[in-house]
Structures are given as structure tokens and as C-alpha cells.
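*Asks:* What follows is a structure written as C-alpha cells; I'll ask about it next.
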Ligand SMILES: Cc1cc2nc3c(=O)[nH]c(=O)nc-3n(C[C@H](O)[C@H](O)[C@H](O)COP(=O)(O)OP(=O)(O)OC[C@H]3O[C@@H](n4cnc5c(N)ncnc54)[C@H](O)[C@@H]3O)c2cc1C
């Protein structure tokens, strides 16, 4: 094998790949770095709803790799990976270009899973990337526009009905956001906002089943009822077929058809086909086919290859949720270990701290579940969620623009101190409502940091 240059190739510019590249650049990694992604832009997935609602703009939620990596020293190649030859240490791209590597980072994420439901891939809209958010946005605008012009009540109702398939976090966040947003859009067109329907179909009897956000079920159910139009939840509904303007599902053994012009698919993920195709034995994968990695995030059979995020699981370790916050932290560990390898130093195991979960439950309405001990809802929850994610957006200018200069420790202490007393019956979780006190002030990143510090310290004290 010819490999004249020591170079690290990163496949996938998502939370694992992009942040590995940025950390490497920041750490003055001595080898050349090539980042390959088929997209032109990085999709900040947790904020895609904000892009749909117009709460945030394209540069924040869907920035271009070129801009993000400007002056970083990382070479960005927009191309699709076609094959990965782990034996030859070679990656081939669709354009015909190929790269050899001394080290490889697999950050290809996962793909949408359709569970064999007929028509789902063809007619339902997925939500994974910025362009999906754009397609949903365009479809909804077009349906509302048509609905305004149609007299036939049945046809109009179909155009005004959105079916979201899958009651996991993405489905709930999307349904809640649309149940606030669509009535506003439709009213702006002169329509009757009460005609808008947002229907959430969930296969299981419970929403968020088996998800890291399961503890927020009650809050999510309540939020669904409190939207501008309530989200109509149909539990125990198994989608059986998707048509261009209808969903077929089974409920209590009966077949039901729901006419809906917009159908959004958030019902599952599957292992990336390129990851499936790698010559890694079954015993070095999990039951979904994801790759097992060592605590230092290296493949068991190919230690020069690192993998993290949605396409990898740690061998024998605690099972980490497939989330951005995990991938983001793993990226720092990969960068550290790549540099250690280049300099002949020892590698460190990845440290992933789960700081809690955040869910968007409508426009400017979220819930932050911090270390499963504090639940911050409403606009305050929204500010914490947005602040936390904006802290992760790679361009520092975004942070400062959004947090604002008026933000101070003092505001935080005053308001949080007064309100953090509101204990729930079992005393284990505290519900904080700082919305009224802080008014419209942007608490954002600082509150999030303080809150995390505060609860983190409490947690430590509890353990000692
Ligand atoms: C709508 C939505 C909302 C979410 N909300 C949250 C949230 O609130 N909090 C949270 O923590 N997590 C959230 N997640 C999950 C989180 O986004 C993922 O866990 C995270 O992005 C995984 O990072 P990754 O690096 O493994 O993959 P990704 O971030 O998915 O990156 C994979 C990259 O690989 C590229 N790629 C794939 N195939 C190829 C190919 N053949 N050639 C070239 N490039 C390729 C893709 O273009 C993509 O850029 C959400 C996910 C979605 C879809």
C-alpha cells in the first residue's frame, strides 16, 4: 500500500466528524485532515425546528462547511463516500476520487428507518438534515396556500392536516412546533386557524417509550394539549402504508385511513449502509449492526480507525443515547487521541457526561430536564435549550450574538434562587418557573451553565 502522506480522513461532517475536525484544528494537530461530507452544509439537527419556524436563521442552524472550516487548515471535500476499504486503508468517493489514510474517523451517523412500511420512503417527508426542514417548510406553505383557495371542505381539511408518524422526541417536537406554527401561518393567509389539524401517530401505547426523554412524558403530553391547536395523539397506531395524501394505520386490529396532505416520518433510524458493509464481525457489533469501539473509541479490529456518534457503541460500556451531546463529547476524545497517536503519547478513554435532556414543545416553549433532577419548562426552558445548543454551534460569533450583553450572574442568582424552591411531591425533582420573573430577558447560555454547575455540585454532594 502506498501512503506517502500521514493524513487523517474524517467521513461525515456531523456532530462527530465536524467537531473532531474543529478540535484537531484548535489543537494544532500535526497531520493533514480531510473532512468528507456529501452535503454542503452542517445540519445542527436539534435546531432544525427553529429553522422551520423562522426562530433562527439558516447560518445558525445550517451553516456551510466552507465557512465553518475557513482558516481551520482542514480540507473540506463535498462528496459522497462510496466504499471504505479498511484493509487497504482507502476510501473511495462517488466522484472517483480516493484517499488513503493513516487514521480514519467514522462519523457517518445513521439513516432514516422505514420498517418496511409501504410508501413511507416515497411519500413521507423525513426530518434529518437542513434540506429536509426546507422541504417540509415548502410543502406546508404550499398546502396552506392551496387550502385558502379551495371551497370543498373535505379537500381543504386534507390540505390542512399534518400527520407526524412516530411519538419519539423528534415526532413530539415537530408536532408541538407545527401545532403552534401552522395556525399562525394560516391565519396570516386569512384562513381559520381552528381548521388546522396536527395528528401524531404513535405505534406504542406510550410516547417516548424507551427513550432517554421518557421522564418528560407527562410534560410532553400536557404541552401537546396546550398548543395553539392541540396535537391529536393516536396511541397504539401502527402505520401500515403511506399514500401521497393519506396514512393507513392499524388501531385495535381495525384499519383506519387518515387523509393528510403532509406526512412527516420520524418513526425510526437504521444503521448506515456503509457501516453495515464494513468487514466487521457480528460479535463486534451491537444488535443493530453498529460498531463496537474501545473506551478510546477505536475499532476493535482496526485500531487506526475511530468511530463515534450514532454509528458506534462502546464495547461493554454503559449504553449511551444516540444524541448530539454524546457525539459532540466523543469528538473531543477522538481529537485528543488522534493527536496523542501522532505525538507517540498514551490515549485516554472518552469521558461523556450526560447533562440531562432538552425538548422543544412548541414555539418558545421547551423543557429542560437537568440531570433528571430539575425540570425547567416554558419560555425559561426554551432559553436554556436554545442557549445550550447555541453554545455548541461551532461559530463563536453565534454565541455572543444570541446571549446578549445584558446577561449577568446577578440576574441568574436572584431569580433562580427565589424559584428553585418549588419541590414536587416526592421531593426528587424541582420545577423551576423563572419565566415571569425574568420576563423576556435572554437567559440562555449563562443560565444553562449555572444550572448545570449548581445541579452538578448538588449531585456530587449527594454522593459524598
Ligand atoms: C430532527 C432531529 C432532532 C434531534 N434533536 C436532538 C436533540 O435535541 N438533542 C440531541 O442531543 N440530539 C438530537 N438529535 C440526534 C443527533 O442529531 C444525532 O445523535 C447526532 O447528529 C449524531 O451525530 P453523528 O456525528 O453520529 O451523525 P450526524 O450528525 O448525523 O452526521 C452524519 C454526517 O454524515 C454525512 N454522511 C452520511 N452518509 C454519507 C456519505 N455516504 N458520504 C458522505 N457523507 C455522508 C451526513 O451528511 C452527515 O453530515 C436529533 C436528530 C434529529 C434527526
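Each value in this text was obtained by applying a stated rule to the coordinates, not by laboratory testing. From a predicted model like this one, the values you see are computed outputs, not experimental measurements. With ideal geometry, Cβ positions are generated from the backbone for all residues, glycine too; neighbour counts draw on all protein chains shown.
*Asks:* Peptides 250-259, 87-96, 189-198: what's the order by average Cβ count within 10 Å, highest mean first?
*Replies:* My ranking of the peptides, most packed first, is 189-198, 87-96, 250-259.
*Asks:* Just how many % of Cα pairs in the range 251-360 lie over 18 Å apart, if you round to the nearest whole percent?
*Replies:* 58
*Asks:* Taking the mean number of other Cβ atoms within 10 Å as a proxy for protection, how do you rank 216-226, 364-374 from highest to lowest?
*Replies:* For the peptides 216-226, 364-374, the packing ranking is 364-374, 216-226.
*Asks:* Between the range 311-356 and the range 185-258, what is the C-alpha centre distance in whole Å?
*Replies:* Their Cα centres are 36 Å away from one another.
*Asks:* Ok, one more. For the range 1-54, what is one quarter of the convex hull surface built on the Cα atoms, given in nm²?
*Replies:* 5.1
*Asks:* For the range 42-198, what percent of Cα pairs sit more than 24 Å apart?
*Replies:* Of the Cα pairs, 50 percent sit more than 24 Å apart.
*Asks:* Right, next: Ranked from highest to lowest mean number of other Cβ atoms within 10 Å per residue, what is the order of the peptides 164-173, 282-291, 330-339?
*Replies:* Most protected by this proxy first, the peptides run 164-173, 330-339, 282-291.
*Asks:* In terms of the Cα gyration tensor, with a ≥ b ≥ c the square roots of its eigenvalues, is the range 120-267 rounded because a/c is under 1.5, prolate because a/b exceeds b/c, or oblate?
*Replies:* prolate
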